[in-house]
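Written out below as structure tokens is the structure these notes cover.
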Amino acid sequence: MSLVEVSLGALLHDVGKFMQRAHSGQECLSEQSLRMMEQICPVRSGRSSHDHVLFTNEFVSGLSFWPDGLRPAEVANLAAFHHRPDTPEQNLIAEADRLSSGMDRREPEESGGARLRRVRMRSVAAGIALEGGAGVQAALNLGRLRPEVSFPDVLTGEPAAWDQEDLTGQYRKLWDGFVQEWKENQCPDPVGFVNRAASTMERYFWCVPSATNAFPDISLYDHSATTAAIAGCLFEAGGAASPFLLAAGDLTGIQGYVYGLRHGAGGLARRLRARSFDVAAWSEAVSLAILAKLGLPMVHRIVYAGGKFHLLLPNTEQARSALVQTRAEAASWLFNRSGGQLGLSLAWMEADAEGLKNFSRTMTLLHARLRDARDQPGRDALIVDGRWNEARFALPPLEVSGEEQACPCCRLRVAEVIEEATKEGEEPKKVCSVCHEDGQRGRLLPKTRYVAFGDAGAAAWAAPVGSYGLAASPAKCAPGSRMIVDMDGQGQAPGRLPVVGGWRARRVPTDPSGDVKEFESLAKVSQGRLGYLKMDVDNLGYLMAHGLRGEDADRSSISRVATLSRTLELFFSGYLESLLRAEYQDIYLVYSGGD
């Protein structure tokens, strides 16, 4: 049994809930699936229950494409037997299922009742309440995920009037779209196949409640993805008392780096655009590198928003070594690249099953460690093998001689690359190689849709660990890319490529010829002035840790935290981008993501 087989089996363990709701009965089940009822369905009060596992078996057993290294029968059994486990690996998925929902046990599930096809998923974000306040009830509509249709409807009137519409037809339409898109996944790499599968599930399962016999505010996608991550940790940790290692990371010194560009060098807008994009791409590259070293699929990145990531890793020596090694590599690279302006904060802590159930407390403890790491931003660059690296206490003086000059953009390196003038009558500028690359990326970003991550040297641009490239189409991404992100969130690409959907805000105003408008032209439209808007969510960390804890119940499970984080990222990286494209053509989006 392999880690990837366990991950995929856990990811698909509840796919039958979606399929069941898309059909009014069991007419879509084969004789083979129906004959398995006594083997995989629990018996409650003389009747079988949890019969969604029959539909899970039907879907997984009917898949036609499998990468080398994934055995269809093994994955199907892992997915279908989680309510009557018969092997140690099946028991892992059953335990992961319970931990993902944050409960010791669930009430018996309704088997095929009308409620299954009537209950709409509630918005986690709408239910947040602090200091004795009360959230609101709001329900999501069924449909393929797009930012502009992701807002819920606030429920009014008597609760008895809610959830009365039969949604079978809507479920069927959504299910048929999911099945068609699933078939497009022909990725030959097992980890890439699982990543693309999870991305497809996100686009279709985001609005499907994972349970209708409890408060329905956890999506089937988030429950499935966190179950897969937990199962992978349990499998790799091999029975350890504390099998989980929670890690959190982000970059420090971002504002000083992004806004530290000097005026007068030309190309300020495109360099600002590039640096704003870089800080998020570099953080993503770090998280991907950690997972790649451990052979883990993307479901182990349970939170990624605004350049900050949270990883759920197995508590093994290999995982700890990967974190230490990646932190050291990234710290050295960032120090050299930014002249000490940027650093990587990376913290981790072990957790047991109780730590996952009381996830808000665990997150609070982890964030305290991350704050401690932020207070020592240069630690890994200034300390080597437990001793001070005195050579890095101060940057070496910038020595220029003859006709050399300091880069007018960053003042950190010697200007050595002559850039062509971008405006009529403008003199060519000489800048350093790093600022020149910033300008090149800034020109590319408005014309690209895909960002591809790979090993060092595999793609055009270096990252703290590995590299990344930009392309207008997935086919133009570097061969052997570890992961390709469709920044429009759609995950559209040839089947063999490891493409996932993920919104990345990058909207800039353009003129009728497609060229990016300069700040000067925007100022003319704005009666000679430019205005700027900066906003964030106050106390986001506190909201994540405490906003889901009510007086009568603690709903801060790992799945809900993942749902809330994904909702915020969708709004700031996805919805704002689509809003500007549709209605505000002359607004320049410097950066948006996370909070």
### Message
Using only the alpha-carbon atoms, how far is helix 168-183 inclined from the longest principal axis of the chain? Give it as 0 to 90 degrees, nearest 10.
### Response
60 degrees
### Message
So the label point goes 7 Å from the Cα of Asp86 along Cα→C-beta, right? Which residues of the range 21-43 then have their backbone N under 20 Å from it?
### Response
30-43
## Note on the structure
To the nearest 20 debye, the chain has a Cα-centred charge dipole, built from +1 on Lys and Arg Cβ and -1 on Asp and Glu Cβ, of 640 debye
### Mean-position separation - Cα centroids, the range 450-483 and the range 120-180, in angstrom
37 Å
### Task
Report the relative contact order of the chain, percent, no decimals, based on alpha-carbon pairs under 8 angstrom and at least 6 residues apart.
15 percent
### Query
In the chain, with Lys and Arg counted as +1 and Asp and Glu as -1 at Cβ, which of these residues, His263, Leu3, Ala292, has the Cα nearest the positive end of the dipole, that is, farthest along it?
His263
### Task
Taking the dipole about the Cα centre of the range 124-270, with the C-beta of Lys and Arg at +1 and of Asp and Glu at -1, give me whichever of Gly127, Pro190, Ala160 is farthest to the positive side.
Pro190
### Whole-Hz couplings from phi, Karplus 6.51/-1.76/1.60, listed for the range 440-450; x for Gly and Pro
5, 5, x, 5, 6, 3, x, 9, 10, 10, 10
### Message
Beyond 23 Å, how much of the Cα-Cα pair distribution for the range 17-97 remains, as a whole percent?
### Response
20 percent
### For the chain, with +1 on Lys and Arg beta carbons and -1 on Asp and Glu, the positive-most of Gly169, Leu145, Tyr575 along the dipole
Tyr575
## Note on the structure
Contour minus Cα-Cα span, Ser64 to Ala456, at 0.36 nm per residue, comes to 137.7 nm
### Query
What is the Cα centroid distance between the range 274-288 and the range 212-252, reported in whole angstrom?
24 Å
### Query
With a ≥ b ≥ c the root eigenvalues of the C-alpha gyration tensor of the range 423-482, is it rounded (a/c under 1.5), prolate (a/b larger than b/c) or oblate?
oblate
### Message
Residues of the range 461-499 with backbone nitrogen within less than 20 Å of a virtual label 7 Å along the Cα-to-Cβ line of Arg144, please, listed as ranges.
### Response
473-475, 484-499
### Task
Compute the acute angle (0 to 90°) between the alpha-carbon long axis of helix 52-61 and the principal axis of greatest extent of the alpha-carbon atoms of the chain; round to the nearest 10°.
60 degrees
#### Entry: Cut-off under 5 Å, modelled amide H: who pairs with Lys430 long-range
Glu419
## Note on the structure
So the number of lysine pairs in the chain with alpha-carbon atoms under 21 angstrom apart, 8 or more residues apart or on different chains, is 12
## Note on the structure
the range 184-224 accessible area per residue, 1.4 Å probe, protein heavy atoms, integer Å², reads 18 Å²
### Task
First measure r as the distance between the Cβ atoms of Asn336 and His263, then evaluate 1/(1 + (r/R0)^6) with R0 = 30 Å and state the FRET efficiency to the nearest 0.05.
0.75
### Message
Just to verify a number: what accessible area does Glu437 come out at with the full protein assembly present, 1.4 Å probe, Å² rounded to tens?
### Response
60 Å²
### Query
When N counts the residues of the range 166-217, how does its alpha-carbon radius of gyration compare numerically with 2.2 N^0.38 Å, as a ratio?
1.34
#### Entry: Bridge type composition, the chain - antiparallel percent by DSSP, nearest 5
95 percent
### Message
Please list, ordered by chain and number, the residues whose modelled amide H lies under 5 Å from the amide H of Ala406; skip anything fewer than 5 residues away on the same chain.
### Response
Ala415
## Note on the structure
Rounded to a whole %, the carbon-and-sulfur portion of the accessible area of the range 230-271 at a 1.4 Å probe is 52 percent
### Query
Roughly how big is the range 152-211's charge dipole about its Cα centre, with Cβ charges of +1 (Lys, Arg) and -1 (Asp, Glu), in debye to the nearest 20?
300 debye
### Message
Kirkwood Rh and Cα-based Rg: tell me the resulting Rg over Rh for the chain, rounded to two decimals.
### Response
0.99
### Rh (Kirkwood; distinct C-alpha pairs) - the range 312-359, Å
12.5 Å
### Query
Does the range 436-595 come out rounded, prolate or oblate, given a ≥ b ≥ c as the square roots of the eigenvalues of its C-alpha gyration tensor, rounded meaning a/c under 1.5 and, failing that, prolate meaning a/b above b/c?
oblate
### Message
Give the separation of the Cα centroids, the range 558-589 to the range 313-388, in Å.
### Response
28 Å
### Task
Run the dipole for the range 388-536 about the Cα centre, Lys and Arg Cβ at +1, Asp and Glu Cβ at -1, nothing else charged, and hand back the magnitude in debye, nearest 20.
740 debye
## Note on the structure
Surrounding charge for Pro147, neighbours by C-beta under 15 angstrom, Lys/Arg +1, Asp/Glu -1, total +1
### Summary
Phi angles of the range 575-580, converted by Karplus (6.51 cos²θ - 1.76 cosθ + 1.60, θ = phi - 60°) into ³J(HN,Hα) in whole Hz with x for Gly and Pro, give 5, 4, 4, 5, 5, 5
### Task
Return one number: the angle in degrees, 0 to 90 and rounded to the nearest 10, between the long axis of the Cα atoms of helix 558-569 and the longest principal axis of the Cα atoms of the chain.
40 degrees
### Query
Per residue, what accessible area does the range 317-427 have, given a 1.4 Å probe and all protein chains present, in Å²?
60 Å²
### Query
Given the Cα-Cα distance of Ser24 and Ala240 and 0.36 nm per residue of separation, how much length would full extension add, in nm?
73.4 nm
### Query
Rounded, prolate or oblate: which fits the range 393-495, taking a ≥ b ≥ c as square roots of the Cα gyration tensor eigenvalues, rounded meaning a/c under 1.5, else prolate when a/b beats b/c?
oblate
### Query
Of the peptides 19-31, 283-295, how do they stack up when ordered by the mean number of other Cβ atoms within 10 Å, highest first?
283-295, 19-31
### Query
How would you order 522-530, 239-247 from highest to lowest mean count of nearby Cβ atoms within 10 Å?
239-247, 522-530
### Task
Please work out how much length the chain gains when fully extended from Arg115 to Glu31, using 0.36 nm per residue of separation minus the C-alpha to C-alpha distance, in nm with one decimal.
27.6 nm
### Query
Using modelled amide H (1.01 Å from N, peptide plane; none on Pro or chain starts), what sits under 5 Å from the amide H of Val384, excluding residues fewer than 5 places away?
Asn389
### Message
When only alpha-carbon atoms are used, what values of Rg and Dmax, in angstrom, describe the range 285-329?
### Response
9.9, 29
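The values are calculated or read from the model by the stated rules, or taken from the named source; none is laboratory data. Keep in mind the model is a prediction, meaning the values are calculated, not measured. Virtual Cβ from ideal backbone geometry, glycine too; neighbours counted across all protein chains shown. Protein only, heavy atoms only, side chains kept; ligands, DNA and RNA dropped before computing areas. Shrake-Rupley method; radii C 1.70, N 1.55, O 1.52, S 1.80 Å.
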